[in-house]
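Novice: First the structure, which I've put down as structure tokens, then a few questions once you've had a look.
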Amino acid sequence: VTRIAWRLIERVSRLLEPNEREAVLGDFAETGESAARALLDLAGLLIRRRSALWGKPLLCSLGGIAVGAAVCFVLMDHIYGYLARPLTDSLVATGLSYATPVNPFDLYVKLSVVCGVFLASPYVLRQLWLLFSPHLSPVDNGYAWPFVLLTSALFATGGFVGYEWALPTALRVLLNFASRSRAMVTINEFWNLAIAVVVGTALVVESLSLCGFMYMRQKRAKGCSQT
Amino acid sequence: MLGEFEYLILAATACLGEDAYGAAIRVEMHRSTGHWCSLGALYTTLDRLEAKALIETWMGSPTPQRGGRAKRMVRITARGVRAAAAFYDTVARASRGLSWDTNRTRLRT
């Protein structure tokens, strides 16, 4: 068990900077620390290092989403009117119901956050890029803005396609399963489905940009190894 | 103004002189406080102190008792000495006349 733990420590310590790794592993060897204690110490150091690195971009991203959500909440009456169109087209005869008085407010908050994510996506993506940029080469870092803008555009396009095409199609198919029955769909159930379809489509379309970036990196790495 | 943990590291570093490095500072701090500090706290605080120019660090040469690994050597700067002295003066001034300070003086005499 001890040997496995030390092998694990050796592996995990590769996440540290080379000089720090050298100093830390040397300290463990010199002080004769137990494997369990060394593993705990190493985990503590890594958590501190990662949180120092990730704390700011993650907080900024959350702040960006919060601002976006606040803006969307103020404009939610207009946004809801637009977003509810495929729903009112499909469920025109039945309409939607809600079970408790707080449901509509919950829904407005939930929709504000989702719309806030779309609105703040360029800023959030920029922050996520900053998170990984220390591990990227200067050439890769040169693609920061094209990547952020393209990915945001693809995310918005995916959301639009999901809303305009995937959601009405999904609704038609799902409601046709029980065409002789009367649907009693609650707003929460409906919007959970709508959010899943729209955000899911947006993420799939957005991932094209990531795949393209990875493909370019791989191609460049191959080119370098051949020369 | 320094934090208490930062002061302890500066004090241990000053005490060890030319032999101050990660593991030795931890042992020295354990000797003076009776507690083992975590490695994460030590190394992140060393970085913070270095960023404030209160210490200097560099990689030493590898040694056999460390499994051929190098040490991260630490040296306190003149600015670090001034910051530690200021912290000590503040604590001493703030403690003057308090029960634990007077009892301590009485015990000494």
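Novice: Return yes when residue A:49 is within 30 Å of residue A:152 (Cα to Cα) and either modelled with pLDDT of 85 or more or touching a His at 6+ places or on another chain (Cβ under 8 Å) (or both) and no when it is not. Write out each step before concluding.
Specialist: Details: within 30 Å of residue A:152 (Cα to Cα): yes; either modelled with pLDDT of 85 or more or touching a His at 6+ places or on another chain (Cβ under 8 Å) (or both): yes.
Yes; evaluated as a whole, the condition is true for this residue.
Novice: Which one of the conditions (1) of a type in the set (D, E, K, R); (2) away from chain B (no Cβ under 14 Å); (3) closer than 26 Å to residue B:74 by Cβ does residue A:11 fail to meet, given that it meets all the rest?
Specialist: Unmet for residue A:11, out of (1) of a type in the set (D, E, K, R); (2) away from chain B (no Cβ under 14 Å); (3) closer than 26 Å to residue B:74 by Cβ: (3).
Novice: Among what's in region A:103-142 and is aromatic (Phe, Trp, Tyr) and over 20 Å from the mean Cα position of the chain (by Cα), pick the residue that is nearest to residue A:223 (Cα to Cα). Walk me through how you get there before you give the answer.
Specialist: Step one: of region A:103-142, the residues aromatic (Phe, Trp, Tyr) are A:105, A:108, A:118, A:123, A:129, A:132.
With over 20 Å from the mean Cα position of the chain (by Cα) added as a condition, the list becomes A:105, A:108.
Numbers: A:105: 55, A:108: 51 Å.
Top of the filtered list is A:108.
Novice: Then there is this: Failed condition for residue A:133, given (1) of a type in the set (Gly, Ala, Ser); (2) at pLDDT below 85; (3) over 19 Å from residue A:54 (Cα atoms), with all others met?
Specialist: (3)
Novice: Within region A:52-107, restricting attention to residues that are hydroxyl-bearing (Ser, Thr, Tyr) and in contact with a Ser or Thr (Cβ under 7 Å, 6 or more places away or on another chain), which residue is modelled with the highest pLDDT? Let's see the steps before the verdict.
Specialist: Taking region A:52-107 as the starting set, the residues that turn out to be hydroxyl-bearing (Ser, Thr, Tyr) are A:61, A:80, A:82, A:88, A:90, A:94, A:97-98, A:100.
Right, trim to in contact with a Ser or Thr (Cβ under 7 Å, 6 or more places away or on another chain) and you get A:97-98.
Numbers: A:97: 71, A:98: 74.
Within region A:52-107, the match that is modelled with the highest pLDDT is A:98.
Novice: Which of the residues belonging to region A:165-203 are among the polar types (S, T, N, Q), closer than 14 Å to residue A:107 by Cα and in a helix (DSSP H, G or I)?
Specialist: Taking region A:165-203 as the starting set, the residues that turn out to be among the polar types (S, T, N, Q) are A:169, A:176, A:179, A:181, A:186, A:188, A:192, A:201.
With closer than 14 Å to residue A:107 by Cα added as a condition, the list becomes A:186, A:188, A:192.
Residues satisfying the conditions are A:188, A:192.
Novice: Looking at region B:28-48, which of its residues are within 11 Å of the chain's Cα centre (by Cα), aliphatic (A, V, I, L, M) and within 17 Å of residue A:23 (Cα to Cα)?
Specialist: If the condition is that a residue be within 11 Å of the chain's Cα centre (by Cα), aliphatic (A, V, I, L, M) and within 17 Å of residue A:23 (Cα to Cα), then B:42, B:46 are the ones that fit.
Novice: Additional query: So which of B:17, B:3, B:97 is more than 14 Å from chain A (Cβ to nearest Cβ), modelled with pLDDT under 95, on the phi > 0 side of the Ramachandran plot and within 12 Å of the chain's Cα centre (by Cα)? Full working, then the answer.
Specialist: On the way: B:3 fails: on the phi > 0 side of the Ramachandran plot; B:97 fails: within 12 Å of the chain's Cα centre (by Cα).
Selected residue: B:17, the only one of B:17, B:3, B:97 that is more than 14 Å from chain A (Cβ to nearest Cβ), modelled with pLDDT under 95, on the phi > 0 side of the Ramachandran plot and within 12 Å of the chain's Cα centre (by Cα).
Novice: Same structure again: Return the pair list, or none, for Cβ contacts closer than 8 Å from residues in region A:42-53 that are facing chain B (nearest Cβ under 8 Å) to residues that are of a type in the set (S, T, N, Q), at least 6 apart or on different chains.
Specialist: A:42/A:13; A:44/B:38; A:45/B:38; A:45/B:44; A:48/B:44; A:49/B:44; A:52/B:44
Novice: Follow-up. Hey, any hits in region A:54-62 for a residue that's within 14 Å of another protein chain (Cβ to nearest Cβ), assigned to a helix (DSSP H, G or I), within 26 Å of residue B:73 (Cβ to Cβ) and not hydroxyl-bearing (Ser, Thr, Tyr)?
Specialist: no
Novice: Looking only at region A:8-36, how many residues end up being closer than 17 Å to residue B:66 by Cα and either within 34 Å of the chain's Cα centre (by Cα) or assigned to a helix (DSSP H, G or I) (or both)?
Specialist: Within region A:8-36, the subset closer than 17 Å to residue B:66 by Cα is A:9-10, A:13, A:18-35.
From the residues that got through so far, the ones that are either within 34 Å of the chain's Cα centre (by Cα) or assigned to a helix (DSSP H, G or I) (or both) too are A:9-10, A:13, A:18-31, A:35.
Total satisfying the criteria: 18.
Novice: Tell me whether region A:87-101 contains one or more residues that are hydrophobic (A, V, I, L, M, F, W, C) and assigned to a helix (DSSP H, G or I).
Specialist: Quick first cut of region A:87-101, residues hydrophobic (A, V, I, L, M, F, W, C) only: A:87, A:91-93, A:96, A:99.
Applying the additional criterion that residues be assigned to a helix (DSSP H, G or I) yields A:87.
Yes, some residue in region A:87-101 is hydrophobic (A, V, I, L, M, F, W, C) and assigned to a helix (DSSP H, G or I).
Novice: Could you look through region A:162-184, keep only residues that are modelled with pLDDT of 80 or more and among the aromatic types (Phe, Trp, Tyr), and pick out the one that is farthest from the chain's Cα centre (by Cα)?
Specialist: That would be A:165.
Novice: Could you give me the residue pairs with C-beta distances under 7 Å whose first residue belongs to region A:17-30 and is at the interface with chain B (Cβ under 7 Å from one of its Cβ atoms), whose second residue is in a helix (DSSP H, G or I) and polar (S, T, N, Q) wherever it lies, and which are 6+ apart or on separate chains?
Specialist: A:24/A:13; A:25/A:13; A:30/B:65
Novice: Answer yes or no as to whether residue A:146 is closer than 30 Å to residue A:15 by Cβ and free of Cβ contacts under 8 Å to residues at least 24 places away in the same chain. Before the answer, list the steps.
Specialist: Working: closer than 30 Å to residue A:15 by Cβ: yes; free of Cβ contacts under 8 Å to residues at least 24 places away in the same chain: yes.
Yes; evaluated as a whole, the condition is true for this residue.
The values are calculated or read from the model by the stated rules, or taken from the named source; none is laboratory data. Remember, predicted model here, so these are calculated numbers, not experimental data. Reconstructed Cβ throughout: ideal geometry from the backbone, glycine too, with neighbour counts over all protein chains shown.
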